[in-house]
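To start, the structure itself, in structure tokens.
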């Protein structure tokens, strides 16, 4: 019999060598807490449900032990860094930053950073985009990003529909029951993001800086 743990085994992302930020392991831990079988509902049934699931996944990402480290590497990257080149651009950092932006009221900027991360092969970023567009009622775009999550590329394994249902099940469980790994950002973190948003005069929140990294590290080490 295939267990949830078996289904989640391939969830670790291939683009990041740092095992301290193992999304697959986090999924397995939450699935073990849930003791809950995956449903067979396929697509998320409503825009509201998609939004709730997205919020849970985002809180989960910013609470991960390696979140501050990855955003720090994104902050330290050269301005000319090419997204998608692991040696220049921290792909998970872009995804975590996008999740923080979403949770602090900057959805357009979150979409921009998710797209950079997903374009470099980060499947959780693609899953976030799937939920983001679904929550907006943009079913065509949502279907595109779901395909990006499940497609098989050279040297990688797609996350299949059953695993997506597992992700949804775990996110629903955590939202209803709570978890120490899904805390909402503090007011101080929100103020730091707003500070970045107010600098530079651009509609998209700029690259994070060390000050934000320090506050996120305090948040994850609380």
Candidates 84, 105, filtered to the one that is modelled with pLDDT under 90 and at positive phi:
84
Quick check: is even one residue across the range 137-149 in a loop (DSSP other than H, G, I, E, B) and either in contact with a helix residue (DSSP H, G or I) (Cβ under 7 Å, 6 or more places away or on another chain) or modelled with pLDDT under 60 (or both)?
yes
Among all residue pairs at least 6 apart or on different chains, which show Cβ distances below 6 Å where the first residue, located in the range 181-196, is over 21 Å from residue 53 (Cβ atoms) and the second is at pLDDT 95 or above and not in a helix (DSSP H, G or I)?
190/104; 193/104
Odd one out for residue 159, checked against (1) at pLDDT below 90; (2) part of a helix (DSSP H, G or I); (3) surrounded by 14 or more Cβ atoms within 10 Å (Cβ to Cβ)
(2)
The correct count of residues that are surrounded by fewer than 13 Cβ atoms within 10 Å (Cβ to Cβ), assigned to a loop (DSSP other than H, G, I, E, B) and at negative phi in the range 186-222 is 6
Answer with yes or no whether residue 31 is within 26 Å of residue 219 (Cβ to Cβ), out of contact with any strand residue (DSSP E or B) (no Cβ under 7 Å at 6 or more places or on another chain) and at pLDDT 55 or above.
no
Out of all the residues in the range 114-133, which are over 18 Å from residue 52 (Cα atoms), in a helix (DSSP H, G or I) and in contact (Cβ under 8 Å) with a residue 60 or more places away in the chain?
123
What is the one condition in (1) surrounded by fewer than 19 Cβ atoms within 10 Å (Cβ to Cβ); (2) modelled with pLDDT under 85; (3) outside any helix (DSSP H, G or I) that residue 173 does not satisfy?
(3)
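The values are calculated or read from the model by the stated rules, or taken from the named source; none is laboratory data. What you see is a predicted model, and the numbers here were worked out from it, not measured in a lab. Neighbour counts are summed over all protein chains in view; Cβ atoms, including those assigned to glycine, are modelled from backbone coordinates with ideal geometry.
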